[in-house]
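Everything below concerns the one structure shown next.
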Amino acid sequence: MANRPHPAAPSKVFSRSSFPEYQRILAILRAETVGGALLLAATVAALVWANSPFANGYFALREVKIGYAPWHLELTLGHWASDGLLAVFFFIAGLELKREFVAGELRKPAKAIVPVTAAVGGVLLPALIYVVINLGSGAETLKGWAIPTATDIAFALAVLAVINTHLPAALRTFLLTLAVVDDLIAIGIIAFFYSSGLEPLMLLAAAVPLALFTVLVQKRVRSWYLLLPLAAATWAFVHASGIHATVAGVLLGFAVPVVASGKKGEPAAGLAESFEHRLRPFSAGFAVPVFAFFSAGVALGGAEGLGTALRDPVAVGIILALVVGKTAGVFGTTFLITKTTRARLDDGLAWIDVAGLAMLAGVGFTVSLLIAELGFGTGSPHDDHAKVATLAGSLAAAVLAAVVLKARNRHYRRVAREEQRDDDGDGVPDVFTRA
């Protein structure tokens, strides 16, 4: 009787990456955790100032204009923060996206399918919930459909730091990969749905410095006095083209070459890694907190004003989308993919861990605030209500995630100890592969 082939072993969802990849992700998450703390501080400072007796000073500061008017670059400080500083944030996002597709978790379809579908589900369901709630409220309110679709990795990591949870390596990797795919979708949404007055000549003009920048970085040129002016020119032309200027940051990030792998299992050290190492602290520690400071300041108008804001269908849609939509979208698609394939959860993980992570994905902030401004206009009633709802929904999602993840922290501590064991003394914990 012929021997029958053994069926292939089921693939694992949320399995650990290699040790070098784990080290790289850990370094990124440390920087983002610090940035998340600064983001929270900037948000609180803005809210306190905007609701103090000195509120006029805050709003006057936000409207101060600087720049060169003949080039259409005389912008308020608030716009410089959202259009200029956030371009650095999206440049880092572009680098990380390319890194993930070339050498990270997204290069292998079998591993990419879960975070990609989870991110898509975590975008579509919140958008659908928002639209259903605001369908009868007029076309103006529907402009905010994309506000609850983004996950803020820095804010989410700040929550993890506050509750002091020892999240396993596989879950940390999934959270970062989910946020990266989330950013890619958000970039597409901003470019295609929140751009207006397209100027094709300006867009063509932007291609010139972008092409020169690409040639230089492909030749591994690192000279800031060559690259920075070209990056600035690309940003300025994209800004003038009608497409939101932060898209320029992503295009520049995509242009930078990524080293697929390092030697002997060591982390890769190419130009993308060098730029990310230099700019991520600036992005997380300055650019995003400053944007939050100028964007999150909303005059609540006391308890009555807060109640009015939260009764707005825009606010109701955002809160439900962040708390319910994100959780159900991320968890539901992950569960569906697992149950319709031969995949199973990695050892040591349970579905309650996935649920906690899905709740944490409902912490939306930076990109949500940006889309609120693009959709409704800075300072409009719906914009203010959307920002209040983003804060309230993110806080609710964070509290729910904290309850679930904190309840599992004793188990996470055991997993963390296992991930640090190196019985053979080769410098790589035994649960990891070297490359």
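In region 316-345, what residues are outside any helix (DSSP H, G or I) and open to solvent by 40 Å² or more (accessible area, probe 1.4 Å)? Within region 316-345, Thr340, Thr341, Arg342, Arg344 qualify.
Every residue, every condition in (1) charged (D, E, K, R); (2) touching a helix residue (DSSP H, G or I) at 6+ places or on another chain (Cβ under 8 Å); (3) in contact (Cβ under 8 Å) with a residue 60 or more places away in the chain, yes or no:
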residue: Val298; (1), (2), (3): no, yes, yes
residue: Gly302; (1), (2), (3): no, no, no
residue: Ala309; (1), (2), (3): no, yes, yes
residue: Asp312; (1), (2), (3): yes, yes, yes
residue: Gly317; (1), (2), (3): no, yes, yes
residue: Ala321; (1), (2), (3): no, yes, yes
residue: Gly325; (1), (2), (3): no, yes, yes
residue: Thr334; (1), (2), (3): no, yes, yes
residue: Thr338; (1), (2), (3): no, yes, yes
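Residue check: Tyr22 meets all listed conditions (1) in a helix (DSSP H, G or I); (2) out of contact with any Phe, Trp or Tyr (no Cβ under 8 Å at 6 or more places or on another chain); (3) at pLDDT below 75; (4) not hydrophobic (A, V, I, L, M, F, W, C) but one, namely (2). When residues in region 270-308 are screened for being over 18 Å from the mean Cα position of the chain (by Cα) and either among the hydroxyl-bearing types (Ser, Thr, Tyr) or closer than 16 Å to Arg24 by Cβ (or both), 8 of them pass. Sort out which residues of region 73-83 are under 20 Å from Leu279 (Cα atoms) and hydrophobic (A, V, I, L, M, F, W, C), and write them in order of number. Trp80, Ala81 - these are the residues of region 73-83 that are under 20 Å from Leu279 (Cα atoms) and hydrophobic (A, V, I, L, M, F, W, C). For region 84-140, residues that are over 23 Å from Ala272 (Cα atoms), buried (at least 22 other Cβ atoms within 10 Å of the Cβ) and among the hydrophobic types (A, V, I, L, M, F, W, C) total 6.
So which residues in region 218-244 are more than 24 Å from Leu198 (Cα to Cα) and among the β-branched types (Val, Ile, Thr), if there are any at all? Passing the criteria: only Val221. All of Phe294, Phe282, Phe237 fail the test of being hydrophobic (A, V, I, L, M, F, W, C), part of a helix (DSSP H, G or I) and closer than 30 Å to Gly138 by Cα, apart from Phe294.
One line per residue, one yes/no per condition, for (1) within 27 Å of Lys111 (Cα to Cα); (2) in a loop (DSSP other than H, G, I, E, B); (3) open to solvent by 40 Å² or more (accessible area, probe 1.4 Å); (4) at pLDDT 90 or above:
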{"residue": "Asp347", "(1), (2), (3), (4)": "yes, yes, yes, no"}
{"residue": "Ile352", "(1), (2), (3), (4)": "yes, no, yes, yes"}
{"residue": "Ala355", "(1), (2), (3), (4)": "yes, no, no, yes"}
{"residue": "Leu374", "(1), (2), (3), (4)": "no, no, yes, no"}
{"residue": "Val399", "(1), (2), (3), (4)": "no, no, yes, yes"}
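When region 192-232 is filtered for residues that are surrounded by fewer than 15 Cβ atoms within 10 Å (Cβ to Cβ), not aromatic (Phe, Trp, Tyr) and not in a loop (DSSP other than H, G, I, E, B), the ones remaining, listed by number, are Pro200, Leu201, Leu204, Ala207, Val208, Ala211, Val215, Gln218, Leu226, Leu228, Pro229, Ala232. Every condition in (1) more than 20 Å from the chain's Cα centre (by Cα); (2) in a helix (DSSP H, G or I); (3) not polar (S, T, N, Q) holds for Gly393 except the one numbered (1). Selection of region 157-191 for residues being of a type in the set (Gly, Ala, Ser), open to solvent by less than 20 Å² (accessible area, probe 1.4 Å) and modelled with pLDDT under 80 yields Ala158, Ala169, Ala170. Which members of region 64-83 meet the condition of being in contact with a Leu (Cβ under 8 Å, 6 or more places away or on another chain) and either open to solvent by less than 50 Å² (accessible area, probe 1.4 Å) or among the acidic types (Asp, Glu) (or both)? Matches in region 64-83: Leu77, Ser82, Asp83. For region 175-211, a residue qualifies if it is out of contact with any helix residue (DSSP H, G or I) (no Cβ under 8 Å at 6 or more places or on another chain) and among the aromatic types (Phe, Trp, Tyr), and the qualifying residues are Phe192, Phe193.
Per the listing Pro313, Pro267, the residue uniquely modelled with pLDDT of 85 or more, more than 26 Å from Trp80 (Cα to Cα) and either surrounded by 15 or more Cβ atoms within 10 Å (Cβ to Cβ) or out of contact with any Lys or Arg (no Cβ under 8 Å at 6 or more places or on another chain) (or both) is Pro313.
Which members of region 30-63 meet the condition of being surrounded by fewer than 18 Cβ atoms within 10 Å (Cβ to Cβ), of a type in the set (A, V, I, L, M, F, W, C) and under 17 Å from Glu373 (Cβ atoms)? Result: Phe59, Leu61. A count restricted to region 121-148 and to residues that are farther than 18 Å from Tyr194 by Cα and of a type in the set (S, T, N, Q) stands at 2. Gly362 meets each of the listed conditions (1) in a helix (DSSP H, G or I); (2) open to solvent by less than 50 Å² (accessible area, probe 1.4 Å); (3) modelled with pLDDT of 90 or more apart from (1).
The values are calculated or read from the model by the stated rules, or taken from the named source; none is laboratory data. Note that the coordinates shown come from a computational prediction; the quantities given were computed from them, not determined experimentally. Note that we place each Cβ from the backbone using ideal geometry, even for glycine, and neighbour counts take in every protein chain shown. Heads up: the accessible areas ignore ligands, DNA and RNA and are worked out on the full protein's heavy atoms, side chains in. Shrake-Rupley method; radii C 1.70, N 1.55, O 1.52, S 1.80 Å.
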